[in-house]
Amino acid sequence: MDDRIVITGLGLICAIGSSVDECFDNAVKGVVGIKEVKSVEHSKCYAHIGGENPSFVTPEGQDRASALCIKAAREAIADSALDVSKDPDRVGVLIGSCVGGAVSIEKFYRDLLADPDSATGDTALKMPISAIANNVAKEFGAQGVVDNVANACAAGTMSVAVAADLIREGKADVMIAGGSDPMSSLAFSGFHALHALDDEPCRPFNKSKGIALGEGAGILIVESYAHAKARGAKIYCEVLGSGVSSDAHHITAPAPDGEGMQAAMERSLEHSGLRPSDIDYINAHGTGTPLNDSSEMGAMLRVYGGKGNVSVSTTKSMIGHCLGAAGSVEAVMCVKAMQTGIVPPTAGYAEGDVEAMREKSGDLDLVPNKGEARKVDYVQSNNYAFGGNNASVIYAREGAPRKLTGATNERVYVTGIGVVSPAGNTAAAYAENVNTGAAPNKCEECGDFKAEIGKAEFDSVGIKLNFYRKLDRLSQMTCVAGKYALADAGITVDESDSRKIGIIEGTSDGPQTEIGKFQKGIITAGTQAGSAFMFPNTVYNAASGYLSIAAGVKGYNVTYANGGASGIAAVGYAKRVLRTTQNDVILAVGADEDSDIVHLLYDKIGAVAAGMTLGEGAVVLALERESSANARGARKYAEVLGSGTAHCDVDFGKYGCSGKLAEAIGLALAESGPKAADIDAVMVAENGIKELKDAEDAALSSLGIACDRINVRDRVGEARAAATALEVAHAAMLLSGDIKGKAYEHVLAIGASWGGSYDAVVLGKA
């Protein structure tokens with residue numbers, strides 16, 4: 001296991017260029033690529049500008065988000081001289097996005113409104129965020145960890161942080177990491193509705209009234225130092241520590257005091273073993289919205305004011321806000337600044353602005369209009385997002401002093417379970433219904449399994465009317481299940497421990513109901529008619545953001561979107577995050593909803609006709625480090641022993657092959673300790689699709705796993721991420737004896753996602 005992580009390749013496309021060198025050269029010169037938007041109808045909007053790439057044409061048959069990402073990834077792989085085919089199992093893909101296939105979403109609903117029969121499953125399969133990483137993996141043959149980060153505008157930064165963590169944990173040698181988002185009517189209308197757009201090119205930390213949207217993709221080849229040296233790769237820089245936090249304040253606005261931003265910056269410094277005076281350059285989030293800029297400037301001054309001569313700039317002033325791609329696009333700029341010794345500027349300063357800003361920024365050097373030459377050994381890249389998600393990553397010149405801090409190999413236990421499902425709400429109710437054989441709730445008209453949640457559930461966990469009326473259904477279920485899990489674990493969140501509790505949410509489809517309603521609304525009434533009330537709930541991480549606010553949780557917060565297996569993946573990621581010691585507890589969430597819109601999408605794809613019965617729910621597991629659990633005297637349902645992930649090269653919409661499922665299970669067993677013969681029961685992923693059952697049967701047979709098989713979908717339907725999280729919860733309750741039956745010692749839970757991704761987790765009796 002190598003804790004030294006490096007960057008060996010870069011790829012970039014944005015409004016000021018179609019390659020790394022073109023983009024960086026233009027950025028250094030202060031070239032502004034923010035012009036009148038061509039791809040979104042905006043005649044009745046108050047703002048008309050954004051940062052589009054005018055020369056990039058989306059290849060026929062591709063979604064623009066995937067196409068931009070593949071373009072940048074191709075450049076990065078070539079730059080790195082990486083031969084993916086030499087060891088594809090050790091090469092993964094991790095892509096951040098905010099709106100994902102928004103261009104395809106618009107096409108689907110335009111077709112649907114014009115003629116329901118013309119809206120096809122092919123278009124629907126290009127819509128989810130989970131399609132992007134899968135498309136990149138298929139294009140280049142990567143078969144390791146393949147996942148998507150959906151933390152809105154912090155997603156690109158999170159992708160690099162998580163990629164580095166995966167490599168440090170020995171889960172990969174190389175990760176193709178970054179972010180991608182297109183210009184879209186969904187995003188343009190949404191920010192227009194919030195009155196967050198500027199009608200002039202944005203001037204962050206200056207006189208800007210709002211953001212200018214952009215589009216693009218930034219890709220970094222993240223690699224273990226040992227692997228890079230062994231293949232003779234050039235090394236741009238090292239990836240040091242990262243910091244992640246939640247505001248627990250508001251779904252769209254940062255905390256005015258910038259507390260969460262400050263916490264992320266301080267955590268990345270702490271994780272890297274650095275002092276504020278070590279940092280030479282900060283690429284700030286710098287959106288141009290007055291509230292963000294004010295909060296961020298305050299946070300930077302508290303961390304860096306009077307600590308040295310730190311250069312600060314934001315490239316959004318030239319390329320616009322690329323949403324989920326912003327962090328990775330800016331990371332590429334950071335790496336180039338380190339390599340060239342030139343810091344890119346913040347554009348748009350008039351002569352009188354510089355002096356005025358110096359009064360606000362103290363000794364922070366804001367680098368106005370043109371790049372400035374300086375030696376750069378350490379760079380901090382910061383991004384913040386809807387939901388109060390904050391992320392920070394530090395990069396260092398190769399060979400610069402480095403010392404990562406805070407790793408532990410402590411055991412991790414399930415100490416609390418929260419359930420909202422068609423088979424009962426709360427862990428106790430679910431266990432009782434399983435034990436008694438009570439029939440789950442099912443919709444008579446559509447045949448889908450439906451969760452029941454209402455005022456009684458909100459009241460029981462202390463969620464007030466003025467809060468839950470803001471929530472979409474996915475967020476409602478997540479908040480209630482999360483509060484159930486905390487109560488079940490006996491955890492009362494207060495200021496003393498709020499930063500030590502985090503959230504990792506897995507979702508397959510995110511808030512597709514809200515996305516569909518919003519998109520249909522602006523197609524019908526125009527881009528200018530977007531709902532400010534609805535738009536915040538269209539981002540995938542809204543549910544985890546609302547849970548953070550409802551529970552007062554201010555620690556780690558990330559949302560993963562990689563299909564049905566995302567609930568199990570969240571458990572594996574949570575175990576890894578707990579090794580950093582920055583968090584004592586992680587709420588691992590699996591949540592997906594059902595609705596007329598969701599049912600329609602799965603019907604169009606052909607899943608319903610193929611035998612899939614849909615369901616919904618939210619399941620939250622409180623995972624806790626052993627020292628924390630012991631100090632509290634917490635009840636331990638089960639121990640999380642290990643996890644495994646593998647990916648098969650198949651089209652998105654297919655499940656793939658048994659060999660890769662067997663590989664994921666084998667990796668989980670290898671990390672856990674027990675052998676295949678020691679597994680007493682398997683929580684299976686079968687969902688009515690014959691292709692998946694055949695792959696599962698073959699994989700288990702090849703490993704010699706012959707034991708009891710338990711399928712929670714008999715009770716909750718194919719609830720995607722919620723179903724796979726429920727597999728883990730059900731396994732924990734079997735091991736604890738809450739669910740009656742045989743005495744089990746080890747239980748395996750497996751999940752499968754479209755595009756050929758498989759995840760497995762092994763739990764043991766506590």
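Here are some notes:
- For the chain, share of DSSP beta bridges that run antiparallel, in % to the nearest 5: 65
- DSSP-defined antiparallel bridges as percent of all bridges, region 314-437, nearest 5: 90
- Only Lys, Arg (+1) and Asp, Glu (-1) charged, at Cβ; region 5-396 dipole about Cα centre in debye: 420
- Partners of K370 within straight-line reach, counting lysines whose Cα lies under 16 Å from its Cα and excluding those fewer than 8 residues away in the same chain: K29, K316, K336.
- Per-peptide packing, taken as the mean over residues of other Cβ atoms within 10 Å, places 406-419, 749-762 in the sequence 749-762, 406-419 from highest down.
- The relative contact order of region 5-396, computed from alpha carbon pairs under 8 Å that lie at least 6 residues apart in sequence, is 24 percent.
- Antiparallel bridge percentage (DSSP; both residues within region 5-396; nearest 5): 65
- In percent, rounded to a whole number, the relative contact order of the chain is 15, using alpha-carbon pairs under 8 Å and six or more apart.
- Loop-located GluC sites (Glu not before Pro) in region 424-478 (DSSP state other than H, G, I, E, B) with a sparse environment of at most 13 neighbouring Cβ atoms within 10 Å: E444, E445, E452.
- Spatial separation of Cα centroids for region 696-739 and region 333-386, in angstrom: 52
- Ordering of 335-344, 549-558 by packing is 549-558, 335-344, highest average first (other Cβ atoms within 10 Å, averaged per residue).
- For the chain, a simple Cβ point-charge model (Lys and Arg +1, Asp and Glu -1, everything else neutral) yields a dipole of about 1000 debye relative to the Cα centre.
- Computed about the Cα centre, the dipole magnitude for region 93-144 is approximately 200 debye when only Lys and Arg (+1) and Asp and Glu (-1) carry charge, each at its Cβ.
- Dmax and Rg, reported as Rg then Dmax, of region 5-396 (C-alpha, Å): 19.5, 64
- C-alpha long axis of helix 102-114 to longest principal axis of the chain, angle in °: 70
- Each residue of region 508-517 was assigned a 3J(HN,Hα) from its phi angle through the Karplus curve 6.51 cos²θ - 1.76 cosθ + 1.60 (θ = phi - 60°); the sequence is 7, 10, x, x, 4, 5, 5, 4, x, 4 Hz, with glycine and proline shown as x.
- Label selected from (1) 133; (2) 160; (3) 270, the criterion being volume of the Cα convex hull per residue in Å³ as computed here: (1)
- Per-residue ³J(HN,Hα) for region 577-594, Karplus 6.51 cos²θ - 1.76 cosθ + 1.60, θ = phi - 60°, Hz, x for Gly and Pro: 4, 5, 5, 6, 6, 6, 10, 8, 9, 10, 8, 8, 10, x, 8, 8, 10, 10
- Positive-pole candidate from M158, N369, G437, dipole of the chain, charges at beta carbon: N369
- Separation of region 536-603 from region 22-95 is 27 Å, based on Cα centroids.
- Considering only P345, G320, F386, the residue lying farthest towards the positive end of the dipole of region 5-396 is P345, judged by Cα position with unit charges set on Cβ.
- Ranked packing of 529-536, 216-223, 422-429, most packed first, by mean Cβ within 10 Å: 216-223, 422-429, 529-536
- Applying both filters, DSSP loop and at most 12 other Cβ atoms within 10 Å, to the GluC sites (Glu not before Pro) of region 1-104 gives E60.
- Region 475-582: GluC sites (Glu not before Pro) falling in loop per DSSP and having at most 16 other Cβ within 10 Å: E495
- C-alpha long axis of helix 259-272 to longest principal axis of the chain, angle in °: 90
- Sites E200 and A532, calculated FRET efficiency, Cβ-Cβ separation with R0 25 Å, nearest 0.05: 0.70
- In the chain, a dipole from Cβ-located charges (positive for Lys and Arg, negative for Asp and Glu) runs towards its positive end, and of G516, G51, T527 it is G51 whose Cα lies farthest in that direction.
Readers should treat all values here as calculations from the given coordinates under stated rules, not as data from a laboratory. Being a predicted model, the structure only gives us computed values, none of them experimental. When we count neighbours, we look across all protein chains shown, and the Cβ atoms used for this are built from the backbone with ideal geometry, even at glycine.
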